[in-house]
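Written out below as structure tokens is the structure these notes cover.
The values are calculated or read from the model by the stated rules, or taken from the named source; none is laboratory data. All of these numbers come straight from a predicted model, not from anything done at the bench. FYI the Cβ positions are ideal-geometry reconstructions off the backbone, even for glycines, and counts take in every protein chain you see. For accessibility, only protein heavy atoms count, side chains too; no ligands or nucleic acids. Shrake-Rupley method; radii C 1.70, N 1.55, O 1.52, S 1.80 Å.
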Amino acid sequence: MFPKGTKRKFSDSGEEPVSGGDQAASPVAAQTLSSSYSLQRQSLLDMSLIKLQLCHMLVEPNLCRSVLIANTVRQIQEEMTQDGTWQIMTQALAAAQCPGDRLVATEVLCRQTDAASQAGQSPKPFSVVGLEEGYHSEEVVMEGDVGTEVTMSTLSPVSPQLSSSYLAGPFGMGPCWEDEEEEGECEEDEEEDSEECVSEGEDGDRDHLSADSRTGEQVFGTFEIKHPAPPPDPALEELFSDVDPSYYDLDTVLTGMQSAPKMGPYDLLESLSTHGPTALSSSSSCRSDLNELDHIMEIIVGS
Amino acid sequence: MEEESDTRKINNSFLRDHNYATEADIISTVEFNSSGELLATGDKGGRVVVFQREQESKSQPQRRGEYNVYSTFQSHEPEFDYLKSLEIEEKINKIRWLPQQNAAYFLLSTNDKTVKLWKISERDKRPEGYNLKDEDGRIRDPSTITTLRVPVLQPMDLMVEATARRVFSNAHTYHINSISVNSDLQTFISTDDLRVNLWNLEITDRSFNIVDIKPANMEELTEVITSAEFHPQQCHTFAYSSSKGSIRLCDMRQAALCDKHCKYFEEPEDPSTRSFFSEIISSISDVKFSHNGRFLMTRDYLTVKVWDLQMENKPLETYQVHDYLRGKLCSLYENDCIFDKFECVWNGSDSVIMTGSYNNFFRMFDRNTKRDVTLEASRENSKPRAILKPRKVCVGGKRRKDEISVDSLDFSKKILHTTWHPHENIIAVAATNNLYIFQDKVN
């Protein structure tokens, strides 16, 4: 809820990119529609996953709300599957290989699609990817800083054509995105090679989309710095290791507009993400977080 | 529109003190009875407050028919489901009056799980002169009683009693979102997220499941029932709405289980306005038959639609309730406002419809003239017996005097529940913990 008179920059900035820009770091201001669309989609996905996760903290979750949010997640996932973004995530995750963290429960959110099975993904890692994917994007969003503010605004009236054409851009061509990540993971895990071949096909898209490359690089150039997939930076790990997710209560997240406009949900994500692929060893807290995610299914089931 | 703002007067406002309002005081449903003489509200604290319209007095014509508290009772208490280890809220989700058949009034009230039938009756006499009991009410020793006295009824101060006559429980796994009394006056339906159950008003230990959309595998669940209502005249017909924006009309004569609808109302999606929120904003929060039974009205997040029962492929009329929010859907998703369940109502002649919005605004649409008005229910801007001014929300940059900009709307002040007197232009509007009653200007 927004109290009277609260300035809601979230949407304002989208309507007037310039005003958003003066808060944003200069590279962010240069974003094109394409990257901002994918960011919007990412943050929407993040937000939806957080909402679903928080559902189970309620005494009695609202089934209608849960179903509508889950459908939104499915819709985003389907779109990402179509434009290839999802497979990239999938592959990245498979490479990261954290079998203990597989989330059977999230399958409902990240329903296995034909595309996914063609890509040779087993459903479980596929679902983990759904969440993982959110974390990656989280890095992007955090880096973009006020890029977040841009995110939400223009989202609603986006046409499908827009999405498909623009989306291929940032994800298809961001060299630091795919290549860096794959290299990093190749070192860790050679056996995943076969899966990486899958993404080779998508690489074809890159060339003819090079017009957008500048922005793509800007976004993912910054992204690279914080990318969680490379061997974890001990300092970074330590920084987040004592983040207690329970601190973020429902109000903070759901009414995040009020005090810290965006930070509530993302902080939560952040805390989870650092436990993800990077800090596999910190198992206890990791487990508990992921167990919570397990309940998403139960919420939807309404049990 | 005769009940337009400039002719509208506040007749009465029932206000609890803002400062001491608690969560329990938030009004969660409001409903006139079939004569309009009574008005019931339910709140999050499980209470039902019934207001009665004052008799008209010739000496004070301006006080025509004010509504005063008639009866207050605790309808539902918080409960605990031990099997699921869940608390069941006492919040009253819906109230529906039964048509009056004798001196007493009956209403159904429901929380998430349990429907109750309440009888509200007056008592202004009491029997006196028993000699079987002493003054304290203890039964006397029969051996001391030598004569039998017939008690006589003595007048006493009017007392209004509310007694729970039936409790319909244990039939819903999910949250009950609506109840509807059938025109046969013998049955009613209760609807939760996945099922519709049919009850006889006299029988509490069994109900019939007439709609069940629960998939065998709950992972495949993509749609829920959001509201259901009986046809006002045809006792075999009812309609239910879904979270995907469709309405199904079912005929109970066709089969015991109405899995197959007889009519399916849905508007094809406009690809030009498609977004990730399309489904959420098309989810129907309320469905209401018109009094004449020819039309259905549905409310979704941004619009209210009128459907002709004879035309399934598109609505007859679509009215924009607050289209200026279309550009703010992401924020509204983030703060969960997008899931607010606004209700909608018809006026007595089905010519005007009303529904709520944010910032304590509510909207009226005249179906004949196509005129619409935005009014505000707020203590600050309206005094008893003052005329309501129409409000305007400005979308662009320039804001005229008396206009309010979209960015300064208060999304915590929402009007979800309204009701319209069945015959007169009197409306009741629930704004958080306040109930406003507006009526046409008295001439």
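Partner shielding of B:163-174 amounts to 1, given as the average count of beta-carbon atoms from other chains within 10 Å of each residue beta-carbon.
GNM on chain B, alpha-carbon springs under 10 angstrom: the most fluctuating residue among B:E220, B:E135, B:E424 is B:E135. Modelled spin-label separation between B:I203 and B:H236, with each label point placed 7 Å from Cα along the Cα-to-Cβ direction: 1.9 nm.
When peptides B:299-305, B:407-413 are sorted by average Cβ neighbour count within 10 Å, with the highest value leading, the order is B:299-305, B:407-413. Accessible surface computed residue by residue for chain B, with neighbouring protein chains in place and a 1.4 Å probe, gives 45 Å² per residue. Computed from backbone phi, the HN-Hα couplings of the stretch B:307-321 come to 10, 8, 4, 8, 9, 9, 7, 7, x, 5, 9, 10, 10, 7, 8 Hz, rounded to whole numbers (Karplus: 6.51 cos²θ - 1.76 cosθ + 1.60, θ = phi - 60°; Gly and Pro given as x). The length gained by stretching the chain between B:K125 and B:S34 to full extension, at 0.36 nm per residue less their Cα-Cα distance, is 30.1 nm.
If you run the Gaussian network model on chain B, springs between alpha carbon atoms under 10 Å, then out of B:N131, B:N93, B:N68 the most flexible one is B:N131.
Placing a label point 7 Å from the Cα of B:H423 along the Cα-to-Cβ direction, the residues of the stretch B:265-294 with a backbone N closer than 18 Å are B:291-292. Phi angles across the stretch B:273-287 convert, under the Karplus curve 6.51 cos²θ - 1.76 cosθ + 1.60 with θ = phi - 60°, into 3J(HN,Hα) values of 10, 5, 8, 5, 9, 3, 5, 4, 7, 8, 4, 8, 9, 7, 10 Hz, Gly and Pro given as x.
When cysteine pairs in chain B are screened for C-beta atoms closer than 4.7 angstrom, the residues that find no partner are B:C235, B:C262, B:C330, B:C337, B:C344, B:C394. The mean number of partner chain beta-carbon atoms within 10 angstrom of a residue's beta-carbon across peptide B:203-214 is 0.
Ranking B:H423, B:S85, B:G245 by how far each Cα lies toward the positive end of the dipole of chain B (charges on Cβ) leaves B:H423 at the top. For the pair B:S408 and B:T173, a Förster radius of 56 Å applied to the C-beta separation gives a FRET efficiency near 0.85, rounded to the nearest 0.05. For the peptide B:215-225, the mean number of other protein chain Cβ atoms found within 10 angstrom of a residue's Cβ is 5. A simple spin-label model places the labels of A:Q82 and B:C262 3.8 nm from each other, with each point 7 Å out along Cα-to-Cβ. With Cα atoms as the point set, the stretch B:331-398 shows a radius of gyration and Dmax of 14.2, 39 Å. For chain B, a simple Cβ point-charge model (Lys and Arg +1, Asp and Glu -1, everything else neutral) yields a dipole of about 1040 debye relative to the Cα centre. Protection proxy ranking of B:146-155, B:245-254, B:192-201, by the mean of other Cβ atoms within 10 Å over each peptide's residues and highest first, is B:192-201, B:245-254, B:146-155.
For chain B, the mean residue ellipticity at 222 nm estimated from helices alone is -500 deg cm²/dmol, where every DSSP H run of n ≥ 4 contributes -39500 (n - 2.57) and the total is divided by all residues, rounded to the nearest 500. For B:T173, neighbours were defined as the other residues whose beta-carbon sits under 11 Å from its Cβ, and their charges (Lys and Arg +1, Asp and Glu -1) total -1. Among B:E219, B:E23, B:E269, which one shows the biggest mean-square fluctuation in a GNM of chain B, springs joining Cα atoms closer than 10 Å? Looking only at B:E219, B:E23, B:E269, the biggest GNM fluctuation is shown by B:E219. Interface of B with A. Using a 1.4 Å probe and counting protein heavy atoms only, the two chains hide about 4200 Å² of accessible surface, both sides summed.
Extension gain for B:H291 to B:R274 (0.36 nm times residue separation, less C-alpha to C-alpha distance): 2.7 nm. The residues of the stretch B:252-277 listed by number as losing at least 10 Å² of accessible area in the complex, against the isolated chain and with a 1.4 Å probe, are B:P271, B:S272, B:R274, B:S275, B:F276, B:F277. Judged by the mean number of other Cβ atoms found within 10 Å, the most tightly packed of the peptides B:273-279, B:208-214 leads the ranking B:273-279, B:208-214. Do any of B:K314/B:K370; B:K44/B:K116; B:K263/B:K328; B:K263/B:K314 go past 22 Å between their Cα atoms, and which? The pairs that break the limit, which is 22 Å between Cα atoms, are B:K263/B:K328.
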